[in-house]
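Presented below is the structure to which this report refers.
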Amino acid sequence: MKKNILFLLFLIFTISFNYAQERFATKSGMINFEASVPSFEEVKATHNSVSAILKSNGDFASLALVRGFRFKVALMEEHFNESYIESSKYPKATFSGKIKDFNSSELSGVQKDYVLLGTVSMHGKEKKIETTALI
């Protein structure tokens, strides 16, 4: 009986260890956007608390609470949340996709650009995008 319990604990530990190696996660991801036009005030925001999960096969998903975007001008942030994005009605922005030609064994301390393909969902709409991710 004691051997069975030890074997079971070892099996659970091994499975959870292997499972943990397949995923990379953060709750401090960053999203920046800029929608400025010449001759007008800069429209630029940053969000520093984005949750994201990257699997070793290149599958990627992220979630950002819309109220987390910070603008240089407080009034711009208020207009963004109340009038434009309606963050009380649509509080989340999500992305789900895959990183092209991703190999987790190549990850190192050096940042590298990857092509990211997927679907962004925001304000009740979905749109397929292709963009660059710095990992």
Problem set entry | Pair list, Cβ < 7 Å and 6+ apart or interchain, from the stretch 47-69 residues that are over 30 Å from Glu82 (Cβ atoms) to residues that are hydrophobic (A, V, I, L, M, F, W, C) and not in a strand (DSSP E or B) | Gly58/Phe102
Seminar exercise, completed: When restricted to Ser104, Ser88, Ser49, Ser56, the only residue under 30 Å from Arg23 (Cα atoms), modelled with pLDDT of 90 or more and hydroxyl-bearing (Ser, Thr, Tyr) is Ser49
For this session: Among the candidates Val66, Val50, Val37, Val73, single out the residue that is farther than 17 Å from Ala133 by Cα and touching a helix residue (DSSP H, G or I) at 6+ places or on another chain (Cβ under 8 Å).
Result: Val66
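Yes/no per residue for (1) within 14 Å of the chain's Cα centre (by Cα); (2) of a type outside the set (Phe, Trp, Tyr); (3) under 19 Å from Val43 (Cβ atoms):
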{"residue": "Asn81", "(1), (2), (3)": "no, yes, yes"}
{"residue": "Gly97", "(1), (2), (3)": "yes, yes, no"}
{"residue": "Gly124", "(1), (2), (3)": "no, yes, no"}
{"residue": "Lys128", "(1), (2), (3)": "no, yes, no"}
{"residue": "Leu134", "(1), (2), (3)": "yes, yes, no"}
Exercise. Out of curiosity, is Ser121 hydroxyl-bearing (Ser, Thr, Tyr), at pLDDT 90 or above, in contact with a helix residue (DSSP H, G or I) (Cβ under 9 Å, 6 or more places away or on another chain) and within 18 Å of Asn32 (Cα to Cα)?
Worked result: no
Exercise. Considering only the stretch 24-46, how many residues are at pLDDT below 90, within 21 Å of Lys92 (Cβ to Cβ) and more than 13 Å from the chain's Cα centre (by Cα)?
Worked result: 2
Exercise. Exposed (fewer than 11 other Cβ atoms within 10 Å of the Cβ), without any contact (Cβ under 8 Å) to a residue 12 or more places away in the chain, touching a strand residue (DSSP E or B) at 6+ places or on another chain (Cβ under 7 Å) and of a type in the set (Lys, Arg) - does that describe any residue in the stretch 118-125?
Worked result: no
Exercise. Counting just the residues of the stretch 76-117 that are of a type in the set (Gly, Ala, Ser) and more than 15 Å from Ala52 (Cα to Cα), which one comes out surrounded by the fewest Cβ atoms within 10 Å (Cβ to Cβ)?
Worked result: Gly109
Exercise. Quick check, is Gly58 at positive phi and surrounded by 14 or more Cβ atoms within 10 Å (Cβ to Cβ)?
Worked result: yes
Seminar exercise, completed: Of the residues in the stretch 41-97 that are assigned to a loop (DSSP other than H, G, I, E, B) and among the hydroxyl-bearing types (Ser, Thr, Tyr), the one that is farthest from Tyr114 (Cα to Cα) is Ser88
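The values are calculated or read from the model by the stated rules, or taken from the named source; none is laboratory data. All of these numbers come straight from a predicted model, not from anything done at the bench. Note that each Cβ is placed from the backbone with ideal geometry, even for glycine, and that neighbours are counted across all protein chains shown.
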